[in-house]
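In what follows, a structure is listed as structure tokens, so that the remarks can point back to it.
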Amino acid sequence: MIQSRTGQVIKVGIAQLDIVKMPDTIRTSGLGSCVGVVLYDETKNIAGLVHIMLPDSSLARTETINEAKFANTGIKALIDKLKLAGSQPSRLKAKIAGGAQMFKFTSDKDSMRIGPRNVEAVKNELRKNNIPIIAEDTGGNSGRTIEFNPDTCLLNIRTVNQGVSEI
Amino acid sequence: MNEIQKITSLHLDILKEIGNIGAAHAATALSSLLARKIDMQVPKVEMVSFEEMMELAGGAETVVVGIFLRIEGDSEGSMFFILPIEQADRFIQSLINDDQFSFSDGKLTELGVSAMQELGNILSGSYLSALSDFTGMKLYPTVPGLSVDMFGAIISTGLIEISEVSDQVIVINTSIFEEGFDNRNEVHGHFFLLPDPDSFTSIFKALGVS
């Protein structure tokens with residue numbers, strides 16, 4: 001794992017978001033069909049991570065929503081949080097990972113191909129906000145644990161079957 | 001107001017009984033398949049956050065063998081049979097008479113994988129047919145899928161439907177143990193039944209409770 005000598009690892013759970021500054025790193029575990037979206041500002045060594053479960057908040061059937069759960073609201077909320085921490089939205093870049101299909105079988109349910117839909121929704125939302133995607137590791141059928149270091153701006157990706165990579 | 005918030009302790013007892021009947025049949029099937037004694041714990045029915053769900057089988061990153069199927073019909077939901085790698089290895093080694101077989105390294109064989117799939121088929125089939133007999137509901141399971149991966153990545157597949165309605169999930173969790181091993185407190189496998197949010201009404205109605 002990438003870990004600076006003095007930094008801490010900030011953990012982000014499913015349908016949650018958070019931000020970190022160098023020398024800390026930010027991490028989320030066990031991404032399946034969910035997508036981990038990292039937004040970072042190289043000039044400030046600051047980064048945020050949101051662990052998205054669903055493509056769009058219009059899918060919610062509740063009155064109040066957890067913004068971090070959906071691609072559209074989660075990315076907006078993360079941009080706002082990074083803005084408050086002093087980064088310019090125009091300097092933000094993105095790295096994304098996840099959106100796998102863990103089980104292959106036929107079902108009419110839309111929820112069974114949620115991974116690709118999540119990836120698509122994340123890309124749409126980033127495009128709307130003019131945030132370029134610098135690197136991605138999406139799709140496939142493996143779970144991923146990801147950790148981003150705002151110092152090196154590298155995203156470390158661990159899978160069970162394909163080992164470790166860095167993008 | 002969603003249905004999940006309206007559930008009372010009577011409802012929880014009913015769900016516990018469902019877990020009890022289903023898992024008892026599955027444990028019996030497993031026991032006779034392997035000719036070993038399999039014990040089960042009293043089922044737990046819990047309302048947990050997604051984060052807490054990850055802790056029910058050792059954390060989001062723990063590598064497990066997972067069997068997953070969707071239940072369709074009168075009541076819908078997701079069902080998982082989760083085994084720690086070492087336990088799945090022991091079961092399959094014994095089923096196919098190959099003590100080299102393992103899910104954890106390159107020793108996966110086609111025979112072993114299909115034995116695991118078949119085991120998943122038999123166990124989920126006996127769990128669900130017991131459930132169907134008990135409630136009188138028609139339940140149609142999909143063919144189970146198999147994945148050897150991080151628990152978080154596997155279980156989140158079953159949280160998608162629920163996540164549209166809630167940030168919490170009602171899980172019917174039954175743990176099984178294999179007798180004859182030193183550590184009796186160690187859980188050797190889990191059945192997780194996650195009814196879809198809209199399914200609770202039909203389950204309770206089928207059993208005459210509103």
- prompt: For chain B, what is the accessible area per residue in Å², given a 1.4 Å probe and the full set of protein chains?
  reply: 40 Å²
- prompt: On the accessible surface of the protein assembly as shown, probed at 1.4 Å, how many percent belong to carbon and sulfur atoms?
  reply: 48 percent
task: Take peptide B:42-51, look around each residue's Cβ out to 10 angstrom, count Cβ atoms belonging to other protein chains, and average those counts.
output: 2
- line: Checking B:Met79, B:Met150, B:Met40 against a Gaussian network model of chain B (alpha-carbon springs below 10 Å), the top fluctuating residue turns out to be B:Met150
- prompt: Highest GNM mean-square fluctuation, chain A, Cα pairs closer than 10 Å: which of A:Gly13, A:Gly143, A:Gly99?
  reply: A:Gly13
- request: For region A:9-166, go through all pairs of different Cα atoms, get the mean of 1/r, take its inverse, and jot down that Kirkwood value in Å.
  value: 15.4 Å
- request: Before rounding to the nearest 500, sum -39500 (n - 2.57) across all DSSP H runs of length at least 4 in chain B and divide by the residue total; then give [θ] at 222 nm in deg cm²/dmol.
  value: -13000 deg cm²/dmol
query: Given springs between every Cα pair under 10 Å in a Gaussian network model of chain A, which of A:Thr62, A:Thr25, A:Thr138 has the largest fluctuation?
result: A:Thr62
task: Take the alpha-carbon positions of region A:30-80, form their convex hull, and give its projected area averaged over all directions (one quarter of the hull surface) in nm².
output: 4.1 nm²
- prompt: Averaged over B:157-169, how many beta carbons belonging to a partner chain fall within 10 Å of each residue's beta carbon?
  reply: 6
task: Obtain the nm distance between the two label points defined at A:Ala85 and B:Ser129 by a simple spin-label model: each point lies 7 Å from its Cα along the Cα-to-C-beta direction.
output: 5.5 nm
- request: Take the cross-link list A:Lys44/A:Lys93; B:Lys138/B:Lys205; B:Lys16/B:Lys205 and give me the ones stretching past 18 Å between alpha-carbons.
  value: none
task: Treat region B:1-146 as a sphere of radius equal to its Kirkwood radius over Cα pairs and apply Stokes-Einstein at 20 °C in a medium of 1.002 mPa s; give the translational diffusion coefficient in µm²/s, rounded to a whole number.
output: 128 µm²/s
query: Quick one: if the Förster radius is 25 Å, what FRET efficiency do A:Ile167 and B:Val113 give, using the C-beta to C-beta distance and rounding to 0.05?
result: 0.25
- line: With N residues in the protein assembly as shown, Rg(alpha-carbon) / (2.2 N^0.38 Å) equals 1.02
message: Pairs of alpha-carbon atoms within less than 8 angstrom and 6+ residues apart define the contacts here; what relative contact order does region B:36-114 have, in percent?
response: 17 percent
task: May I ask you to derive the relative contact order of chain B, considering only C-alpha pairs under 8 Å and at least 6 residues apart, and to give it as an integer percent?
output: 35 percent
message: Give me the inter-chain shielding for A:28-36: mean count of other chain Cβ atoms within 10 Å, whole number please.
response: 6
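The values are calculated or read from the model by the stated rules, or taken from the named source; none is laboratory data. Owing to the predicted nature of the structure, the values given are computational and were not obtained by experimental measurement. Every residue, glycine as well, gets a Cβ built from its backbone with ideal geometry; the counts of neighbours run over all protein chains shown. The area values use the complete protein model at the heavy-atom level, side chains included, leaving out ligands, DNA and RNA. Shrake-Rupley method; radii C 1.70, N 1.55, O 1.52, S 1.80 Å.
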